[in-house]
1. Using a 1.4 Å probe and ignoring any ligands, DNA or RNA, find the accessible area of Lys136 and quote it in Å² to the nearest 10.
2. For Glu400 and Asp374, compute 0.36 nm times the residue count separating them, minus their Cα-Cα distance, and round to one decimal in nm.
3. Carbon and sulfur: what percent of segment 194-274's accessible surface (1.4 Å probe)?
4. Test of understanding: extend the Cα→C-beta vector of Glu37 to 7 Å, then name every residue of segment 1-23 with backbone N under 16 Å from that spot.
5. Give, in whole angstrom and from largest to smallest, the semi-axes √(5λ) of the equivalent ellipsoid of segment 218-296, with λ running over the eigenvalues of the Cα gyration tensor.
6. If you roll a 1.4 Å probe over segment 87-168 with all protein chains in place, what percent of the accessible area is carbon or sulfur?
7. Ranked from the most accessible area to the least, with a 1.4 Å probe and all protein chains present, what is the order of Glu444, Glu154?
8. Percent of Cα-Cα pairs per 10 Å bin, from 0 to the last occupied bin, for segment 55-152, please list those.
Amino acid sequence: MASQFDYDLFVIGGGSGGVRAARVASAHGARVAMAEEHRVGGTCIIRGCVPKKLLVYGAHFAEDIADARRFGWNVPKADFNWEVLRDNVLAEVARIEVVYQGILDNNKVETIHQRATVTGPNEVQLADGTRVTAGKILIAVGAWPYIPDFEGAEHGITSNEVFHLAEVPKRLAIAGGGYIANEFAGIFHHFGTDVTIINRSDRILRHYDAQIRDRLLQISIMAGMKFRFNAPFERVEKVGDGSLRIHLGDGGDPLEADALIYALGRVPKTPGLGLETAGVDLARNGAVLVNADNQTTCPSIYAIGDVTDRVQLTPVAIREGQVFADSIFGDKPGRVDYEDIPSAVFSHPPIGGVGMTESEARNRLGSVRCYTSDFRPMKNVLAGRNERALYKLVVNGETEEVVGIHMIGPDAPEILQAAAIAVKARLKKSQFDAVVALHPTMAEELVLMR
Ligand code: NDP
């Protein structure tokens, strides 16, 4: 029977979640179109995880080159060329974008390179004025950096622009103490920039385990990064030589910087999307409200990913897109399990965490036991690098289950991904103990904590 609609599914937003939902729905036999106003790939591919991780690799060579001398390599003075790294990273992003577009084309998803807005429960309007109808509409437009409002705020940039900088700033101020702030602080510090993190509170990475984030703070300070805590912005002025003078409400002197990056969280990108025309309810911060099946208050409209402000992580958006497409078009109903989602901060050194932090466990469980291993990785010892790693197991005192693993140290996210399986599987501490250590590794500490 011919459908009354132009498409079975119209996806707005070609990021990680939208692309997954579109291609899987199409593979299930749905007629799918996807509108993307900018570049296919969204935040993660174009201006987030992927180019950021490549910059993290690029920055790490500063340590690797210095350490190599202690390992016997005669390394002449090494120079860093930002333009080479920047352009190679941007070229890699462009390559992946083409791969993503190919995936859509191969799966017969019609990509429309225009902005689309919602004009009714089953209708969207494209930027050129065309109106199209669809049985279901999926909102996957993601989120956008929050820009604060104070005098001179327009002098700051966001992570969107960082990947395109003409040169590495000599002095960089970063507003915020979360993921993006700590990742870019590490990157630019290793490029030789004088970095200052400015945060409204006296904490960094509030959702991570307190001991782990304290360790990052300690290592960052030792490395020479600066922090201005409890420092609300008052105003920013541009001075004669083009640099910025940042006035903060912490009682300290104004901060001089060549660039200021806002990393103050990301807000759902719903303004102007027309969702009110279809009766879609939004939260106060603009997030699309959805039920456990990703359905909004308009039954034919669904939403996934950062625009719903549940867990702002790429693999979660991908999973939500997969489950949406399987449930609605593949006759395979399911729901995303939000328990024990591993996460990482690609700081220097990086952090990985899964499950409950110690304080969460103490609030939620009756009895809790924690085990820590505080050690200097072998490579750091020989390199003369006075940086200690810290691993922590949080254990339910009654059931003996390991309910959280938190780590900071070289390769922590790589190790944590495998360890997260044990937490998800509700393995007990005794089962960790039963595993023979793989020596010499850092990861062996996970089975040696007593
Ligand atoms: P985060 O939520 O990580 O951190 C926001 C920071 O800004 C916090 O230090 C917070 O302070 C501060 N802040 C929040 N709102 C305001 C405000 N109105 N005024 C002043 N300060 C404020 O945000 P990011 O921008 O760093 O990252 C956005 C999201 O992107 C992350 O939440 C994460 O989900 C995702 N992301 C994930 C990455 C990864 O997986 N490795 C990497 C980068 C981003 P305080 O906490 O002290 O109140």
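1. For Lys136, solvent-accessible area is about 60 Å².
2. Residue separation times 0.36 nm, minus the Cα-Cα distance, leaves 7.2 nm.
3. On the way: 1780 of 3790 Å².
Answer for segment 194-274 is 47 percent, counting heavy atoms of protein chains only.
4. 11-15
5. One finds semi-axes of 39, 18, 11 Å for segment 218-296.
6. That fraction is 51 percent.
7. Numbers: Glu444 20, Glu154 135 Å².
Putting Glu444, Glu154 in descending order of accessible area: Glu154, Glu444.
8. In order of increasing distance, the bins hold 11, 21, 23, 20, 15, 8, 3 percent.
The values are calculated or read from the model by the stated rules, or taken from the named source; none is laboratory data. Note that the coordinates shown come from a computational prediction; the quantities given were computed from them, not determined experimentally. Using ideal geometry, Cβ is built from the backbone for each residue, glycine included, and neighbour counts are taken over all protein chains shown. Calculation scope for accessible area: heavy atoms of the full protein, side chains included, ligands and nucleic acids excluded. Shrake-Rupley method; radii C 1.70, N 1.55, O 1.52, S 1.80 Å.
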